[in-house]
Protein chains: 2
Amino acid sequence: MNKPVPDPRPYHHGDLSRALVDAARRILETQGPTALSLRAVAREAGVSPAAPYHHFKDKDQLLEAVAHEGWTALDAALAKARAEAKNARDRLTSIGVAYVCFARDNPALYRVMYDGARNKDSLPEQLKDDGAYCQVRNTIAAQSDDTVTDIDLELATIAAWCAGHGLAEMIGFKQFEPLKQALGGEQAFLRAVFEHLGMFAKYDHGVLQTD
Amino acid sequence: MNKPVPDPRPYHHGDLSRALVDAARRILETQGPTALSLRAVAREAGVSPAAPYHHFKDKDQLLEAVAHEGWTALDAALAKARAEAKNARDRLTSIGVAYVCFARDNPALYRVMYDGARNKDSLPEQLKDDGAYCQVRNTIAAQSDDTVTDIDLELATIAAWCAGHGLAEMIGFKQFEPLKQALGGEQAFLRAVFEHLGMFAKYDHGVLQTD
DNA sequence: ATGTTATCTAAACGCTGTCCAGATAGGACC
DNA sequence: GGTCCTATCTGGACAGCGTTTAGATAACAT
């Protein structure tokens, strides 16, 4: 009576869960979010429409797996930006720019990531443990002195995260085009917006004025 | 040969366009965005599934009409907050809080509003002319001195708008619950996050340091 | 070799957005 | 008032969707 472990062993197909997630990401990249149906994913993976149900409870759970990979990729992108920042002064801004650029470069994936979060009214736990959100908090903490309370740190992280997300969702909006051009490119535009949030500069001094 | 003007005259039904938009909003409020199908709207309005096509090109155009009313309602909410702000000092923060509260109180409508915007990669023109976005810019402008350039003003408005939107999309996230409690309520939490964005305080002095 | 069980297919259900042919009814013109 | 036009609405259809069910198949344990 060997217990039926939910193992990822290759059976008929080989590794269908993997293949399905890959197929989904391929469709997302080439045809966008509206083309991402369960049937289309199955078609792309070369199986029947019902096959995915042996690996995922429903469509949402497949999208969750896709989103999980998205968050992991975001982790990596932020870590890279953090490591490459020339100096501590603009480390947080660089992370912010990297965040928005990730969303700009993977718009469909980014949408799936936040669709999942909104449906559950929760960011994935992944982020808190050692992920992107944690990186932002650590970066802010490193720039703060010891007068900054835990609550302030958390509030600042939330503020930074929300600002990044807001900008990420709107970066492609055509209303911003003239401004981007006036500032000499998207990167300059992003840095300028982040700097106008003030908070990023504020923490340079290691001082947080809550009033 | 009287030209067939696209007039909103009551024909068989009376004013089906109106009735459809109202039906859609009713469904949004009571059953959420996932229940909002064209057929459900037609059902709610008491007409056949094909009837809406004489008033809207497709489902997206009906949603656009719904979104338009949403943006108008947001205009009013921000105007109210702006008028009621006790002093100039926290006028911008009050507007920000009102923005997020609007999204929290009308989550389904807010979602339709931004779904439409994202699909067109553009905020509605409505906002620029005399709407909510314009109100934010005017409020910031009123707090700035004359050393602030037009570009700075635009950047600050974008920053504020994005921060508000980011917070609006995440305000319901369960990760923030403990912090809300620690600060004694949602309103206090919102004000605290906005204040940690720094920018709001920054403009109090009427000085904008771009470097 | 046998039996068990995970895996996959084929077919079906009810739902969706959208289109078409035909019925109907309001307004314009004589 | 009668006639025509055209906007409006219905019923029926189509393809596609997410999901379920029953049955075939193939890998594994014994």
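For the charge dipole of chain B, defined by +1 on Lys and Arg C-beta atoms and -1 on Asp and Glu C-beta atoms about the Cα centroid, which residue among B:Ala108, B:Gly32, B:Ala65 has the Cα displaced farthest towards the positive pole?
It is B:Gly32.
Calculated FRET efficiency, A:Gln61 and B:Glu69, Cβ-Cβ r, R0 56 Å, to nearest 0.05?
The pair A:Gln61/B:Glu69 has a calculated efficiency of 0.95.
Rounded to the nearest 500, what is the protein assembly as shown's calculated 222 nm mean residue ellipticity when only DSSP H runs of at least 4 contribute -39500 (n - 2.57) each, over all residues?
So the calculated ellipticity at 222 nm is -20500 deg cm²/dmol.
Please compare each pair in A:Lys180/B:Lys128; B:Lys57/B:Lys128; A:Lys120/B:Lys180; A:Lys120/B:Lys86 to a cut-off of 27 Å on the Cα-Cα distance and tell me which ones are over it.
Over 27 Å apart, Cα to Cα: A:Lys120/B:Lys86.
Counting only other chains, what is the mean number of Cβ atoms within 10 angstrom of the Cβ of each residue in peptide A:165-177?
Counting Cβ atoms of other protein chains within 10 Å of each residue's Cβ and averaging gives 6.
Where the only charges are on Cβ atoms (+1 Lys, Arg; -1 Asp, Glu), what is the dipole of chain B about its Cα centre, to the nearest 20 debye?
Taking the Cα centre of chain B as origin, the dipole is about 760 debye.
Along Cα-to-Cβ, 7 Å out, sits the label point; list in nm, shortest first, how far the one on A:Gln61 is from those in the other copies.
Once sorted, the set of distances for A:Gln61 reads 4.1 nm.
Let me spell out the model: positive unit charges on the Cβ of Lys and Arg, negative unit charges on the Cβ of Asp and Glu, origin at the Cα centre of the protein assembly as shown. What dipole size does that give, in debye rounded to 20?
Value, rounded to 20: 1220 debye.
Remind me, relative contact order of the range A:11-56 in percent, using alpha carbon pairs under 8 angstrom and six or more residues apart?
Reported relative contact order: 39 percent.
Among B:Leu16, B:Leu153, rank each residue by its count of other Cβ atoms within 10 Å, from fewest to most, as a rough exposure measure.
Exposure proxy ranking, most exposed first: B:Leu153, B:Leu16.
Averaged over B:181-188, how many beta carbons belonging to a partner chain fall within 10 Å of each residue's beta carbon?
1
State the volume of the convex hull built on the alpha-carbon positions of the protein assembly as shown, expressed per residue in Å³ and rounded to an integer.
Roughly 208 Å³ of hull volume per residue.
Which distances in nm, rounded to one decimal and ordered from shortest, link the label point of B:Gly185 to the equivalent label points in the other identical copies, with labels set 7 Å from Cα toward Cβ?
Its label point is 4.8 nm from the equivalent points in the other copies.
Cα atoms only: what Rg and Dmax, in Å, come out for the range B:68-205?
In order Rg, Dmax, the Cα atoms of the range B:68-205 give 14.7, 42 Å.
Quick check: pseudo-label points 7 Å beyond the Cα along Cα→Cβ at A:Ala182 and B:Ser37, how many nm apart are they?
4.7 nm
If we count other beta carbons within 10 Å of each Cβ, what is the order of B:His68, A:His196, B:His55, fewest first?
B:His68, B:His55, A:His196
Treating only the Cβ of Lys, Arg, Asp and Glu as charged (+1, +1, -1, -1), what charge dipole size does the range B:97-186 show about its Cα centre? Round to the nearest 20 debye.
520 debye
Give the order of B:Arg118, A:Arg89 when sorted by the count of other beta carbons within 10 angstrom, beginning with the fewest.
A:Arg89, B:Arg118
Return a whole-number percent for the relative contact order of chain B, with Cα pairs under 8 Å and 6 or more residues apart as the contact set.
Here the relative contact order equals 19 percent.
Residues with beta-carbon under 15 Å from that of B:Asp130, excluding B:Asp130: net charge, scoring Lys, Arg +1 and Asp, Glu -1?
Local net charge: 0.
Bear in mind that the values in this text are calculations on the coordinates, not laboratory data. Model, not experiment: these values are computed from the prediction. With ideal geometry, Cβ positions are generated from the backbone for all residues, glycine too; neighbour counts draw on all protein chains shown.
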